[in-house]
Amino acid sequence: MKLLLLGDIVGRKTVEHLHKTLWALRREHKIDMVIANGENASDIMGLSAEDAQTLLDGGVDVLTGGNHTFHNRSLYPMLDDSPHVLRPLNVPAAAPGSGETVFEAGGYRVLVLNLFGMFGMDYSGNPFESADRALKRNEGRYDLAVVDIHAEATAEKQALGYYLDGRVAAVFGTHTHVQTADECILPRGTAYITDLGMCGPEGGILGTDHEVILRRMTTGLPQKFTVANGDIRLRGAIVETDNGRAVKINRFVL
């Protein structure tokens, strides 16, 4: 099967762009399933229920989250009720939602895990232990598994890739908004990339108006973040699998 993995979606303009174009992209590239990180979709801080539904209607099958997932409280009921919207698995149990789901696509049952890194993230447990427990808990319920590791530290993402090599079809990083050039198939058949990059406007800093970031960094004063106004670019990766293992990974830029 063929999966399209999309990096952090930034801003409502990008949500609307994906809603208009994603189904056509799926047909063009013969995509069976789309997984996208949506934690910045509602104008940088969080994901609203309305924007989540727009993305799902537009062709995203599973939305993953990160450190901004809980900023928009309108999403909380959806996190509890929808198998298509995830938050990181290794957060306190009191948080709404789930960090895992099984989605049927292309004749396969795909287990999607959403994990937090330990470094620079609030309230996150050990992602290695959380992944082990989730894979054990879902034994017999899936044909292949994919993992979004939402993390700051490159080394932690790479370590998780090697840790899960041969046990999952793909490990992909999100959070930094900058696409890395290290896509590969690890020795035991797991597709890996440190960061998918960003789906959002060009001309800013991580999707934010660069003037806002410059004022914050040069003055040290709080600023209201606003989304950059450039053209929308989509970044991610396309992974092809066979019998639960990856056979190809290519960076995706459009």
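Each reported figure results from applying straightforward, stated rules to the coordinates on display, with no laboratory input. Predicted, not measured: the structure shown is a model, and the values here were computed from it. Neighbour counts are summed over all protein chains in view; Cβ atoms, including those assigned to glycine, are modelled from backbone coordinates with ideal geometry.
Residues whose amide H comes within less than 5 Å of that of CYS199, counting only those at least five positions distant or on another chain, are GLY7, ASP8, ILE9, VAL10, ARG235 (H built at 1.01 Å from N in the peptide plane). For the range 116-158, relative contact order (Cα pairs under 8 Å, six or more residues apart, normalised by length) works out to 55 percent. Dipole magnitude for the range 49-192: computed about the Cα centre from +1 point charges on Lys and Arg Cβ and -1 point charges on Asp and Glu Cβ, it is near 380 debye. Relative contact order, whole percent, for the chain stands at 18, derived from Cα pairs under 8 Å and 6 or more residues apart.
Of all lysines in the structure, the ones whose alpha carbon falls short of 29 Å from that of LYS30, not counting any fewer than 8 places away in one chain, are LYS2, LYS13, LYS20, LYS157, LYS248.
Can you tell me, using C-alpha contacts under 8 Å and at least 6 residues apart, the relative contact order of the range 163-221 as a whole percent? Once normalised by length, the contact order is 29 percent. The angle between the Cα long axis of helix 210-219 and the main principal axis of the chain comes to about 70°, on a 0 to 90 degree scale. Using the Cβ of VAL212 as centre and a radius below 14 Å, the other residues enclosed give a net charge of 0, where K and R count +1 and D and E count -1. On the beta carbon distance between GLU16 and ALA105, with R0 = 25 Å, the FRET formula returns roughly 0.55.
One chain, two ends: ARG141 and ALA24. Fully extended at 0.36 nm per residue, the span grows by 39.1 nm beyond their Cα-Cα distance.
Placing unit charges on the Cβ atoms of the charged side chains and taking the dipole of the chain about its Cα centre, the candidate lying farthest along the positive direction among LEU18, SER98, LEU75 is LEU18. Computed 3J(HN,Hα) for the range 163-173, one whole-Hz value per residue from the Karplus formula 6.51 cos²θ - 1.76 cosθ + 1.60 where θ = phi - 60°, is 5, 9, 4, x, 9, 10, 7, 8, 10, 10, x, glycine and proline marked x.
A Cβ-based charge dipole, computed about the Cα centre of the range 2-253 with Lys and Arg at +1 and Asp and Glu at -1, lands at about 200 debye.
Annotation: amide H of MET33 within the under-5 Å range of LYS2, LEU4, sequence separation 5 or more or interchain, hydrogens built in the peptide plane. For the chain, the longest principal axis of the C-alpha atoms and the axis of helix 12-29 are separated by about 30°.
Each principal axis of the Cα atoms in the chain has its own extent, and those three values, largest first, are 52, 40, 35 angstrom. Backbone amide hydrogens, once placed in the peptide plane, bring ALA105 within less than 5 Å of VAL110, excluding anything fewer than 5 places away on its chain. The simple Förster model, with R0 at 45 Å and r as the Cβ-Cβ distance, assigns LYS224 and TYR163 a FRET efficiency of 0.70.
Counting only trypsin sites (Lys or Arg not before Pro) that are in a DSSP loop and have at most 14 other C-beta atoms within 10 Å, tell me the longest site-free stretch of the chain.
Of all site-free stretches, the longest is 31-140.
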